[in-house]
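The next block holds one structure in the form of structure tokens; read it before the comments.
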Amino acid sequence: MTHLLAVGGSDAGIAAALRARELDPSTDVTVVLADEFPNFSICGIPYWVSGDVATEASLAHRTRADLEAAGITVRSSTWASAIDVDRRRRRLTVTGPAGVEEISYDELLIGTGAEPVRPAGVPFGEPGIHLLHSMTDAEQVVAALELLPAGSRVAVVGAGYIGLEITEGLVARGFDTTLIQRGPEVLSTLDPELGSLVTAEVRRHGATVLTGSTVTGITPADGGQWRVATSSTSGDAEGTFALVVVCVGVRPVTGLAVAAGAQLGQAGAIVVDASMRTGVPHVWAAGDCVVTHHRLLGTTWLPLGTTAHKQGRVAGENMLGGSKTFAGSVGTQVVKVFDLVAARTGLRQHETSPLEVPPLTRVTVADDHKRYYPGAVPLTISVTGDQTTGRLLGAQIVGQRTAEISKRIDTFATALHAELTVDDVIDLDLSYTPPLGSPWDAVQVAAQGWERAAAAANQAAVTD
Ligand SMILES: Cc1cc2nc3c(=O)[nH]c(=O)nc-3n(C[C@H](O)[C@H](O)[C@H](O)COP(=O)(O)OP(=O)(O)OC[C@H]3O[C@@H](n4cnc5c(N)ncnc54)[C@H](O)[C@@H]3O)c2cc1C
């Protein structure tokens, strides 16, 4: 019987454990995790904070009982501190409720995930200053918010997708919310032209958005509040807030892997091959702690739940002797911000530079469905392609939540995965009925817009 051990009880660790049990129900599978939240959807945290999801327990993808019924031994509140990789010993040292012990393994998965970046000078640990990454962080935020009167001033530092989601949640709970963003628009993973639509949406819902503003200090103010100082091109400013949530990115958690001899690559994440091998015998890794194989860029680091699930599944299969490979990400992401949805896949113009191709980007506005049918709304769609070969390189979409944006970005993602050209997208047989689309779907209208722009640019180059 194979003894499979996973460190990390979130997307990657649990995906590996479930896959191994699915393939061979005789496999002995143990998952150790530092916290008390096996298989929780941390992606759902903002919706528990907002109140859209009524209870914390609802965020569990599966309960502990479900996991145990699947044949997985779950050891929570158990911290893994060292791996003895000696071929004959193969042991993991853990500290859990019963003290320090060693667990032997045949194959070990490291799925230690990511941790939030803690900017220097921010007094983390003080009441009112919060991170938002783990379930424990979420419990602390929810408990703190419950003590605040509605209308209290709260601040969110960082307007990536998590900062935006929590801003929406705080506004929904009736707090006077300020979102502070260093870049010119929120959601800097989009081109500013599209990000500006998202910035406007946040303001339309009553939050204050300070763009181009860097936090220069967070210091105590009267009444247990916090004074947040910011600097921007228009000068320095200060605001006083009852609660501050800092969401300025994450970094991979790699200490255990490094001590075991694993190499680090992009963004300090663990190097793995496409089978999720670390190079240390019998040690595998998956999820936010590892580099990401990208179908256009080669190797990068893109910590996402979608990717962690797939990588964990690949690792679970290969730990039992399989030969599965992770097919690679194209960086597909989507976020709901109030009544808007913003999505992207592939590369933006400036991100194509490693490919050494001439990129061309064209923005098109197209209706989501036939205008004569009530409720039609415009979608802003940016398409990036190789001007010479016509190969599709990326797409971004912003529009109303009703407009099936995730379906449309997934059409582009599928096209990217299949290495289609922009012209191939125009040829796709996509569905149509007037309440939902058009004979040429908005995706294809945008592809046609890109083709016209490419033809004009190529013609201009010939004329020159
Ligand atoms: C608020 C929020 C919203 C998100 N929304 C989305 C979304 O909409 N879509 C999307 O694709 N992604 C989203 N993500 C990202 C997604 O949640 C992560 O990519 C995913 O959780 C990564 O899974 P993981 O298993 O690699 O690591 P993690 O979820 O970080 O889990 C790491 C695990 O390792 C354990 N661990 C770490 N070190 C040790 C140790 N030494 N010993 C024992 N256990 C240890 C932890 O306890 C935990 O169980 C979101 C993330 C957050 C925080």
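Only the coordinates and a few stated rules stand behind these numbers; no lab work does. Everything numeric here is computed off the predicted structure, so don't read it as measured data. Here the Cβ is made from the backbone with ideal geometry for all residues, glycine too, and neighbour counts use every protein chain on show.
Worth a mention:
- Within the straight-line cut-off of under 28 Å between alpha carbons, the lysines reachable from Lys370 are Lys336, Lys407, sequence neighbours fewer than 8 places apart in one chain being disregarded.
- Computed FRET value (nearest 0.05) for Thr388 with Asp429, which takes r as the C-beta separation and R₀ as 30 Å: 0.65
- Fewest-first sequence of Cys43, Cys289, Cys247 by Cβ atoms within 10 Å of each Cβ: Cys43, Cys247, Cys289
- Square roots of five times the Cα gyration tensor eigenvalues for the range 333-463, Å: 25, 16, 13
- Amide H contacts of Ala60 (H built 1.01 Å from N, under 5 Å, at least 5 apart or other chain): Ser41
- DSSP-defined antiparallel bridges as percent of all bridges, the chain, nearest 5: 65 percent
- Between Met1 and Asp84, the C-beta separation translates, for a Förster distance of 35 Å, into a calculated FRET efficiency of about 0.95.
- Likely footprinting exposure, Lys310, Lys407, Lys336, fewest C-beta neighbours within 10 Å first: Lys407, Lys336, Lys310
- Rounded to whole numbers, the Karplus 3J(HN,Hα) couplings from phi for the range 302-310 are 9, x, 9, x, 4, 5, 4, 4, 5 Hz, using 6.51 cos²θ - 1.76 cosθ + 1.60 with θ = phi - 60°, and x at Gly and Pro.
- Alpha-carbon Rg with Dmax, taken over the range 118-246, Å: 13.8, 41
- Taking amide H atoms as placed 1.01 Å from N in the peptide plane, the amide H of Lys370 lies under 5 Å from those of Leu436, Gly437, each 5 or more residues away in sequence or on another chain.
- In sequence order, the range 314-324 has phi-based couplings of 4, 4, x, 5, 6, 5, 9, x, x, 9, 7 Hz under the Karplus curve 6.51 cos²θ - 1.76 cosθ + 1.60, θ = phi - 60°, and Gly or Pro positions carry x.
- Proxy reagent accessibility, fewest Cβ within 10 Å first, across His350, His205: His350, His205
- Counting only residues at least eight positions apart within a chain, or on another chain, the aspartates and glutamates with an alpha carbon under 14 Å from that of Lys324 are Asp273.
- For the chain, excluding the exposed loop sites themselves (GluC sites (Glu not before Pro), DSSP loop, at most 13 other Cβ atoms within 10 Å), the longest remaining stretch covers 37-355.
- Principal axis analysis of the Cα atoms in the chain yields extents of 71, 60, 43 Å, listed in decreasing size.
- Coupling constants for the range 359-375 follow from the phi torsions by the Karplus curve (6.51 cos²θ - 1.76 cosθ + 1.60, θ = phi - 60°), and in residue order they are x, 9, 10, 9, 9, 10, 10, 9, 6, 6, 8, 4, 5, 6, 8, x, x Hz; glycine and proline get x.
- Distant-in-sequence amide contacts of Thr216, defined by a placed amide H-H separation under 5 Å and a gap of 5 or more residues or a different chain, comprise Ala229, Thr230, Ser231.
- Over 18 Å [Cα-Cα, the range 380-453], rounded percent: 33 percent
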